[in-house]
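Written out below as structure tokens is the structure these notes cover.
The values are calculated or read from the model by the stated rules, or taken from the named source; none is laboratory data. No experiment lies behind these values; they were computed from the predicted model shown. Cβ placement follows ideal geometry from the backbone for every residue including glycine, while neighbour counts extend to all protein chains displayed. Only protein heavy atoms, including side chains, enter the accessible area calculation; ligands, DNA and RNA are left aside. Shrake-Rupley method; radii C 1.70, N 1.55, O 1.52, S 1.80 Å.
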Amino acid sequence: MKNRNGALDILKFLFAVEVVFYHGDFGENHFRSGYLATDFFFIVTGILFARTAMRYQVPDAEIGKDTASFMKRKILNLMPNYYVAWVICFVIRQIHDQCGLRQSMVNFAKSYGELLLVSSTGMKDYMVNGPMWYISSMLFALLLLYPLAKKLKENFLYLAAPILFFFLMGFTFQNYEALYQDNRYGICSGTILRAVMMISLGCICYKIGEKLAAHTFSKGERIAISMAELVIYLMIFGYMDVAERTNKLSWLLIYLMGAGATLTYSKAGYLTEYLDGNVATFLGEYSYNCYLAHWAMLQLVYSITWLTHAQKGVIYLVASAANALFVMYVSKGLRVGWKKLRGQRA
């Protein structure tokens, strides 16, 4: 438990809920910029990535092998939740679209982009679970950044990460109307650029957070930091609720997210101290499943014509929460079964 951060776990859950509300149809004036919640996930990924990359060093000749090992662990940590949620979503879509067995088999074959985790590279023919773009983009960004971090070591945190972040912020600001866009630049996908940008910010947050964690703050200073955290997150969620999707101020919000994540990771305030515990750990794990599982329920509930709009909204939220639990515990069962099978083979 001491290696976990209860406040970050709870924040991941709250930002996952924001995504669920954003994709739901709750009127024109609510959750219009909820897509920015995924940027917080990228930042947290960057913090954890930097902590892992800086934990130990390897000889230059071993960087490729170490990168492969890191990516293998990362992918296995994401499975089987990814595929359990995908199968549920695929089945619901085939029923909704009234596809026969033959057409469903064709659709399955055309889903190779999501199934092979390569949709962010442009290989997407038949997309099933929309939010899964995040997983593919994150993995390719980590594949690019991990060997760079291992090669440059601390110089990556002090030089490469800030350069990547600030230059990509300027580039996307000039070329995007909003951060949710998936522009392509030659062979490069906009979602991968977004992932590299935000994960680089997470690396900066990690380094500053480590510096803050090593400093001893007075009680008054810790209270002030806690208040600053609360104000920052209230501003972030308030913005995501009311701001237009194409508002250029969303780039400024990224700086606020970085500041909030840095303070929360550092544990300089009191929030993490009081939020650590089993509930926070559960919500941190549950957040990933919320993100994966809600899209299926969105397709299912909003296709029921005889329900009122308000009824659809309520059922969508309840069904999404239940499906997230289902995906989480089925995935746990599959992991336990796989470990037992491996033990028997050994």
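Data overview
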| item | result |
| --- | --- |
| Over the chain: helical MRE at 222 nm, DSSP H runs n ≥ 4 each giving -39500 (n - 2.57), nearest 500 | -24000 deg cm²/dmol |
| Neighbour count of at most 12 Cβ within 10 Å plus DSSP loop: longest GluC sites (Glu not before Pro)-free window in the chain | 29-176 |
| Calculated over the stretch 203-285: convex hull of Cα atoms, volume per residue (Å³) | 114 |
| Calculated diffusion of the stretch 162-321, Stokes-Einstein form, Kirkwood radius summed over Cα pairs, 37 °C and 0.692 mPa s, µm²/s | 176 |
| Within the accessible area of the stretch 222-332 (1.4 Å probe), percent carbon and sulfur | 75 |
| Accessible surface of Met227 - all protein chains present, 1.4 Å probe, nearest 10 Å² | 110 |
| Accessible carbon and sulfur surface of the stretch 55-96 relative to its total accessible area, %, 1.4 Å | 65 |
| Phe326/Ile304 FRET efficiency (R0 22 Å; Cβ-Cβ; nearest 0.05) | 0.65 |
| Nitroxide proxy distance, nm - points 7 Å out along Cα→Cβ at Val242 and Thr216 | 4.3 |
| Local electrostatic count, Leu249, Cβ distance below 13 Å [Lys/Arg +1, Asp/Glu -1] | +1 |
| Cα→Cβ-extended label distance, 7 Å offset, between Val314 and Arg55, nm | 4.6 |
| Three principal axis lengths of the stretch 13-101 [C-alpha, angstrom, descending] | 54, 41, 17 |
| Helical segments meeting 15 Å axial Cα length and Kyte-Doolittle -0.5 threshold in the chain (DSSP H) | 6-23, 37-53, 63-78, 81-96, 133-152, 161-175, 190-213, 219-242, 249-266, 278-301, 309-345 |
| Square roots of five times the Cα gyration tensor eigenvalues for the stretch 54-178, Å | 35, 20, 10 |
| Two-site label geometry, Asn278 and Ala68: point separation in nm, points 7 Å out along Cα→Cβ | 4.2 |
| Evaluated at q = 0.18, 0.23 Å⁻¹: base-10 log I(q)/I(0), Debye formula over Cα of the stretch 125-226 | -0.92, -1.20 |
| Highest-MSF residue in the chain out of Ala310, Ala85, Ala259 [GNM, Cα springs under 10 Å] | Ala310 |
| Accessible surface, per residue, of the chain when the full set of protein chains is kept, probe 1.4 Å, Å² | 49 |
